[in-house]
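Some notes on the structure that comes next.
The values are calculated or read from the model by the stated rules, or taken from the named source; none is laboratory data. Source: prediction; values computed, not measured. Cβ sites come from the backbone with ideal geometry, for glycine too, and all protein chains shown count toward neighbours.
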Amino acid sequence: MSPMKKIDHCRSCSGNSQNNHLSLRILLRTFFSGVFLLLVTGGEALAGEGSAGSGMSLVAAIGLAVASAAVISVIFHRFRQPALLAYIIAGLILQRIMASSSNDSIATMNEVSHLGLVFLLFIIGIEMDLRGIMKLGKGPAAAVLLQAPIAAALILGIQYVAGLSGFSIPGLGSQDSAWFYYAVVVALSSTAVVVKLLGDKFDLNSQAGKITILTLIAQDVWAVLALSYVTVGNSGGDTGQGNPFLMIGGIVAAVAGIILGARFVLSPVLAWLARTPDLLSLVTLGWCFLCAEAVSKTGLSAEMGALLAGLTIGRLPVRVEVLSRVASLRDFFMALFFVSMGIALPAPSFIIIREAVILVMIVLFARILLFTPTMLAAKQGTVVSIASSINLAQISEFSLLLIPAGIMHGALTIHDMSVISYAMMLSVLFSTYAIRYNYDIALLFERLPVPARLKKYTGKGRMSTDAVQENAEIVFLGHHLASDALASKISAEAPELKEKILVIDFYLQNHDRIREAGLNVVYGDISNLEVLRHFGVEKAKVVVCTINDSFLRGTSNQELLDMVKTINPKARVITTAGSRQAVEEFTINGAWACISPEMESASSYLAEIKRALKA
């Protein structure tokens, strides 16, 4: 190593050491400041505890929840742990702080949770696109639409058979009146959690991500039907809910009023306010609470009204503008929701935790053993099918809407509420890690030997092309506009290279176009080291990324260069950069070459400018 390089290396080490010490100091300051803030805020909020009926105000409850979530999230972020886990841990800590507070304080936090869930479902409704399900094709669309009812029917069947045999299954309820509730809990996944985790991973636009989101949309429709059935079907005179037929009429009238109001009133008003974004946001939030209140009057939950309000706005031309304004609230209200959930969790016991763990395992097996085969039959490939199932392996927030209805009608007990609540929390904790490593897990399953007669169901012939993987000398990481132009150039000037090229890309809509250009393509996430290893990058001679960092999601050219060099130090890596300085840095860091489209095109622009002046 030359003296100058040694100096640079020492400076780099010194800089890294200083950064680590600075990070540690910030972490410690945040921790102790946060502890002080929590103690002071908690003490002030609970100061009126001594008087009867006293408790914290709504502002204090929200402030305490947000402050605790912020402190714990910073600590968890330092150790690269999921934010959702931090929210729940913050709630559990606050539960200990509030252990001696009045019931009014707990009720206030429950109202905070209720408010958070209303906003979450409103935003989810705006993001829904029911028409997107049919764009998948008949096979995948059928699998997506029928996932929830198939899972619920199977769980009900298992419970019924067990009941006839004289025993109950731990984790699925001990009395027959609770069977339907547990079946719905197993069948539905959490839209808010999955959207948050896939969004953080930049995996919403992959084929697995799209199938996951569309399945969640279909589940939400079934969830509304299930909640309506529970509310209306059990609303006899002994429950105090009145005539069920009047209730059904009220629900139909409310839904019809929301749809007509959105079309003939809300749509013109929003179009008129299109150039006033602040009023646009205010009106849509007002519409959310108006619909929530209208639906709650019919006997359904306010959350269902918020979901319907979001669905009606999602069909309007101003949808994108509204979503951009209110989507930033998602993380805030998600934090409120999960912190409040952690606070509201009942005292655990060994039996409750055991049954909750069993229920989570049942949910996981229901996804893997039921949803994966249907997606394989729809020819979505092993990786997509298993990754989609893993994404859905948690319990939905709709379960928290079913529990009060079940307890009110006598179908669920406090024990059932505890089991389902802890199972939801545990499933969320599991998903924060499972979704992070979903492709790694899916690739492990794909490597398992599959009988030849089953390959047509696994989709391996379409998704893998094992022979190409073994012989690929050139690997393209991703496919974008520059790759299209390069493919055309190869076809015209070096067609013999086509058989040596393998493209790894997770946008399946690009695959047909890539094959038409004569290149071999496989599905895979290029930001995942195991994906690169699985598709033979460790044997490739040349690895090319033609995509600028601006269009890469979840990775960068530098990270791709580092991963390729880790598994294949001899590979000649060609990267893409946006500036002369970046080109020099990539070359120093080991890239064989670095192309800057902006720099390459600059000479062409200058030549044309000179030619135009001479004309």
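For I526, the requirement of being of a type in the set (A, V, I, L, M), free of Cβ contacts under 8 Å to residues at least 60 places away in the same chain and within 28 Å of I441 (Cβ to Cβ) is met.
Do you know which of the residues in the range 160-185 that are in a helix (DSSP H, G or I) and small (G, A, S) is surrounded by the most Cβ atoms within 10 Å (Cβ to Cβ)? Among residues in the range 160-185 that are in a helix (DSSP H, G or I) and small (G, A, S), the one surrounded by the most Cβ atoms within 10 Å (Cβ to Cβ) is A183. Of the candidates S228, S267, the single residue that is small (G, A, S), more than 16 Å from A294 (Cβ to Cβ) and either modelled with pLDDT under 75 or surrounded by 13 or more Cβ atoms within 10 Å (Cβ to Cβ) (or both) is S267.
Where in the range 340-456 are the helices (runs of 4 or more DSSP H), entirely inside, with at least 3 residues that are touching a Cys at 6+ places or on another chain (Cβ under 7 Å) and among the β-branched types (V, I, T)?
Values: elements: 350-366, 372-377, 382-391, 399-408, 414-434, 438-446.
Counting at least 3 such residues, we get no helices (runs of 4 or more DSSP H) at all.
Can you name the helices (runs of 4 or more DSSP H) wholly within the range 506-615 that have at least 3 residues being acidic (D, E) and not assigned by TED's automatic domain parsing to the domain that holds I441? Passing ranges, in order: 597-614. Please go through the range 456-476 and give me each residue that is farther than 27 Å from P140 by Cα and either at pLDDT 60 or above or under 29 Å from the mean Cα position of the chain (by Cα) (or both), ordered by number. Correct list: N471, A472, E473, I474, V475, F476.
Against the condition modelled with pLDDT of 85 or more, over 34 Å from the mean Cα position of the chain (by Cα) and aliphatic (A, V, I, L, M), how does A612 come out, does it pass? Yes: the conditions hold for A612.
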